[in-house]
Amino acid sequence: MPPPRPIRQTGVNVAASLLGQLIGKASTLAWTLVAARELSRSGYGVFFYAYALAGLASAVAEWGYDPVLIERVSRDPDRADADYTNAQAAQTALAVPAFTVAAVLAAASPQAGDDRLAVVLVCVAVLFDLWTDTARAAGAALRNQVPTSRALVIQRGVTAVAAIVTLTLGGGVLGLCAAFLGGSAVGVVAHHAALRSLGVRLRLRAVRPATMLATTRECASLGVTVVVMMALFRLDAVLLGVFKGDAAVGAYAVAYRLFETTLFVTFSVQGATFPVMAAAEDPRTVGREVTRGLAVAGSVYALFFAVCLCDAPGVIRLLFGPDYTHVSAGALRWLAAAPICYLAGALCTSALQAVRRRSLILASSVVALAVNVVLNLILIPRMSGTGAALATTVSYAVLAAVALVGLGRAGVRVSLGRALLPPVLTGAVMAGVLLALPLPTAADVAVATVAVAGLGLGVLAWRDPNRLRRGLSLIGRMGGSIPREVP
């Protein structure tokens, strides 16, 4: 009999996962800020063009294996070794041809030679990241995310230190890609050690081609959805690189990085609300969770919206330096609403999954991708990164709208008035305070955020203490998800 695996309480897992995400995001943001200042716009764009291509390839390899792994191992922990091994083997088998295609596309492009080598280095790093994502899925399934969250912190910390040192020593874009690859390799080792502490081993003898094929077929609809959603997430940077070159990608990546950094809030809300929606016996509970998630997280994103809309040049100058102030401000203004649109789409598609309407998830994502491609082809040649940002925000809004219609047909009612009123009021008050304060950007944002947050909590506690407690309860459940960390 193998020794029993340690199981953590839900609260501990939530705290460990959320802390790992926050530290990972902070580490990633730190080295990307340094990269923006140390590299030229073209060099900065090379890395994110390479990562966009690798991200599209990784979506094919990911194929929804991790959710299936969590589902199976959660029901039967004794299957952990075999299911973990087969999941790793299956996605690696898909990754090899997918990343090869990405490398060939890079080699065939009219870009400089550095772009091609950067894509190769980043593709290998993203393959390593796929392995570590699956390791964290195994930890979540075994209800002990502390070791794997610690491994994530080690990985992102090593990547940040290596990238910052390399950049400050003049390593350039290839040095940055090599540092990213090195950090990902360290992450593989750290996650392997974390799983060993949980009693999970890679068992090559457990690899069964028939099992891998059956699993691939089982999660086909989910896999296609993952590919489509990643295309929606990364295709704009690829098309921007094709039409406008690396410098345009670099200018756009500055604004897009700020949008990406906010997404841990959405992932955390998903982790808190989806288990409740999946276990619900009536559609009213599902609709209530979507409404609550939109109200709570949407209020946070309303602060981001107001700041970007009122002072996009100041935010970019503060974080990325004066070289990007004017070339990236337009994109950031159009991306100001992207986080709340992304949140709405994520919560609505999670609700569709909870009520077992996966075909509607695929339909909504395909419609959103089609809109994204058409808008990008029209807007990028005319507006460059600003057009890509506009296409991104509109596409996520379309995703949310189509998914919301699907929820209505499934009998799930979302109270849009109750969900959107707090974010609208928060954003309006935040914008007013920002415009009224004659302070530098950093002080302006800090004072306005504290003032608006304190005012909002005070009003809510006075008018509806029960709603405040429900909101705090949702925040307390956030962090249980295991989102993919993006660099």
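The values are calculated or read from the model by the stated rules, or taken from the named source; none is laboratory data. A quick note: this is a predicted structure, and the numbers were derived from the prediction, not measured. Cβ sites come from the backbone with ideal geometry, for glycine too, and all protein chains shown count toward neighbours.
Summary table below
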item: Residue within region 280-300 that is touching an Asp or Glu at 6+ places or on another chain (Cβ under 8 Å) and more than 30 Å from Val315 (Cα to Cα) present; result: yes
item: Residues of region 273-295 classified as buried (at least 24 other Cβ atoms within 10 Å of the Cβ) and either hydrophobic (A, V, I, L, M, F, W, C) or farther than 23 Å from Pro339 by Cβ (or both), total; result: 4
item: Single match in Val394, Val424 (criterion: over 21 Å from the mean Cα position of the chain (by Cα) and either under 20 Å from Gly293 (Cβ atoms) or assigned to a helix (DSSP H, G or I) (or both)); result: Val424
item: Helices (runs of 4 or more DSSP H) wholly inside region 170-268 that include at least 2 residues being at pLDDT 85 or above; result: 172-197, 220-244, 246-261
item: Residue within region 145-164 that is charged (D, E, K, R) and under 23 Å from the mean Cα position of the chain (by Cα) present; result: yes
item: Every pair of residues 6+ apart whose Cβ atoms lie under 7 Å, when the first sits in region 178-189 and is farther than 10 Å from Val126 by Cα and surrounded by 24 or more Cβ atoms within 10 Å (Cβ to Cβ) while the second is of a type in the set (Phe, Trp, Tyr) and modelled with pLDDT under 95; result: Gly187/Phe128
item: Positions within region 317-351 being of a type in the set (A, V, I, L, M) and either on the phi > 0 side of the Ramachandran plot or over 21 Å from the mean Cα position of the chain (by Cα) (or both), in sequence order; result: Leu318, Val327, Ala329
item: Selected residue [free of Cβ contacts under 8 Å to residues at least 40 places away in the same chain and of a type in the set (Gly, Ala, Ser)] from Ala54, Ala50, Ala26; result: Ala26
item: Those residues of region 251-300 which are hydroxyl-bearing (Ser, Thr, Tyr) and under 15 Å from the mean Cα position of the chain (by Cα), in sequence order; result: Tyr256, Thr261, Thr262, Thr266, Ser268
item: Subset of region 348-377 [touching a Gly at 6+ places or on another chain (Cβ under 9 Å) and not in a helix (DSSP H, G or I)]; result: Val355, Arg357
item: Qualifying positions in region 316-334 - among the aliphatic types (A, V, I, L, M) and out of contact with any Ser or Thr (no Cβ under 6 Å at 6 or more places or on another chain); result: Leu319, Val327, Ala329, Leu332
item: Qualifying positions in region 139-169 - in a loop (DSSP other than H, G, I, E, B) and either buried (at least 19 other Cβ atoms within 10 Å of the Cβ) or at pLDDT 95 or above (or both); result: Leu142, Asn144, Gln145
item: Failed item, numbered, when Arg208 is tested on (1) crowded, with 16+ Cβ neighbours inside 10 Å; (2) out of contact with any Phe, Trp or Tyr (no Cβ under 9 Å at 6 or more places or on another chain); result: (1)
item: Leading residue by the ranking (nearest to the chain's Cα centre (by Cα)) among those in region 1-26 that are at pLDDT 65 or above and buried (at least 24 other Cβ atoms within 10 Å of the Cβ); result: Gln21
item: Single match in Gly432, Gly385, Gly427 (criterion: at pLDDT below 90 and more than 17 Å from Ala344 (Cβ to Cβ)); result: Gly432
item: Residues satisfying the stated conditions in region 269-286, i.e. assigned to a helix (DSSP H, G or I) and of a type outside the set (Gly, Ala, Ser); result: Val269, Gln270, Thr273, Phe274, Pro275, Val276, Met277, Pro283, Arg284, Thr285, Val286
item: Residue that is farthest from Arg143 (Cα to Cα), among those in region 51-95 that are assigned to a loop (DSSP other than H, G, I, E, B) and not hydrophobic (A, V, I, L, M, F, W, C); result: Gly64
item: Odd one out for His326, checked against (1) part of a helix (DSSP H, G or I); (2) farther than 19 Å from Thr261 by Cα; (3) in contact (Cβ under 8 Å) with a residue 40 or more places away in the chain; result: (3)
